[in-house]
Amino acid sequence: MIKKTGEYMLWVTLVSILIAPLIYVFFFCPNQGFWENVMSNLLATGLALIAGIPIALWLDRKIKYGEEKAQYKVDRLKEANILKLIKEEINYSYLTLFLSGKKGNTQSLTLRPLKSDLWDSFVAGEEIKHIEKPDILNRIVSAYYVLKLVKNIEEQAYIALRTSAIQVTFADGTKKNSSQLLLEDARGFDVLFEDSTKEALRVIDERLVALEKYEN
């Protein structure tokens, strides 16, 4: 809108420059020789302006388009780097921690928590704004939501293990301490955690393939 307004004003200025001398000469300088001289000069000036302004506008658009295209490439490369780091962190939580000790384990509490530090730093630094596709961002946010939920429950289970000796006796005579109950709560999210993590990794991989063309 601003660009179109600027072009409109340039054309208005051009027309004004052409018309103003004509009005002045017509009303104040009726001399034939002077009129012919003014008309020839005005014609030359008008032709120069008419030819020059479109060329200047075309060059300006071309330069701006080149700058925007270069900046877009930089943004996509930055997006690719961010997605690679996010993928690495999610994979670490899923493959190294979840599948290797946490999944389905309601008897023992693994000491290493699920990892979300990198994601937290990206959010705090507003780096996630470089992720162009909203649906991809939504999948990643959903995966980290479940991850951090499980991580928080496991942290509470660890604290309870170290600080609480309270046991709950169920109707069948089974006894469980608060740490074990919390651990069971965490394992109740295993399916959701795995599904959301796999989906996030899937869309990240697809996006990284699409972004490969900007690496050349």
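Just one of Val38, Val74, Val12 is part of a helix (DSSP H, G or I) and modelled with pLDDT under 60; which is it? Reasoning before the result, please.
Working: Val74 fails: modelled with pLDDT under 60; Val12 fails: modelled with pLDDT under 60.
Of the residues listed, the single one that is part of a helix (DSSP H, G or I) and modelled with pLDDT under 60 is Val38.
Scan the range 135-161 for residues that are touching a residue at least 60 places away in the same chain (Cβ under 8 Å) and either outside any helix (DSSP H, G or I) or buried (at least 16 other Cβ atoms within 10 Å of the Cβ) (or both) and report the count. Outline the logic, then answer.
Applying the first criterion (touching a residue at least 60 places away in the same chain (Cβ under 8 Å)) to the range 135-161 yields 135-136, 139-140.
Those still in the list that are either outside any helix (DSSP H, G or I) or buried (at least 16 other Cβ atoms within 10 Å of the Cβ) (or both) too: 136, 139-140.
Within the range 135-161, residues that are touching a residue at least 60 places away in the same chain (Cβ under 8 Å) and either outside any helix (DSSP H, G or I) or buried (at least 16 other Cβ atoms within 10 Å of the Cβ) (or both) number 3.
Scan the range 104-153 for residues that are of a type in the set (Asp, Glu) and over 15 Å from the mean Cα position of the chain (by Cα) and jot them down.
Here is the first cut: in the range 104-153, the residues of a type in the set (Asp, Glu) are 117, 120, 126-127, 132, 135.
If the condition is that a residue be of a type in the set (Asp, Glu) and over 15 Å from the mean Cα position of the chain (by Cα), then Asp117, Asp120 are the ones that fit.
Can you tell me how many residues within the range 98-134 are modelled with pLDDT under 95, surrounded by 14 or more Cβ atoms within 10 Å (Cβ to Cβ) and hydroxyl-bearing (Ser, Thr, Tyr)?
Residues in the range 98-134 being modelled with pLDDT under 95, surrounded by 14 or more Cβ atoms within 10 Å (Cβ to Cβ) and hydroxyl-bearing (Ser, Thr, Tyr): 2 in total.
Evaluate the range 174-183: report whether one residue or more is loosely packed, with under 12 Cβ neighbours inside 10 Å, touching a Ser or Thr at 6+ places or on another chain (Cβ under 6 Å) and more than 30 Å from Arg76 (Cα to Cα).
If we filter the range 174-183 for residues that are loosely packed, with under 12 Cβ neighbours inside 10 Å, which is where we start, we get 174-175.
Narrowing further to those that are touching a Ser or Thr at 6+ places or on another chain (Cβ under 6 Å): 175.
This time we only want the ones that are more than 30 Å from Arg76 (Cα to Cα), so: 175.
Yes, the range 174-183 has at least one match.
Test each condition in (1) modelled with pLDDT under 95; (2) within 25 Å of Glu88 (Cα to Cα) for Glu184 and report the one that comes out false.
Failing condition for Glu184: (2).
Contact list please: Cβ distance under 8 Å, first residue in the range 95-109 and under 17 Å from Leu192 (Cα atoms), second residue outside any loop (DSSP other than H, G, I, E, B) and of a type in the set (Phe, Trp, Tyr), pairs at least six apart or on different chains.
Every condition considered, the pairs that remain are Phe98/Phe193.
The values are calculated or read from the model by the stated rules, or taken from the named source; none is laboratory data. Here the structure is a predicted model, which means the values were calculated and not measured. As a convention, Cβ positions derive from the backbone with ideal geometry for all residues, glycine included, and neighbour counts pool all protein chains shown.
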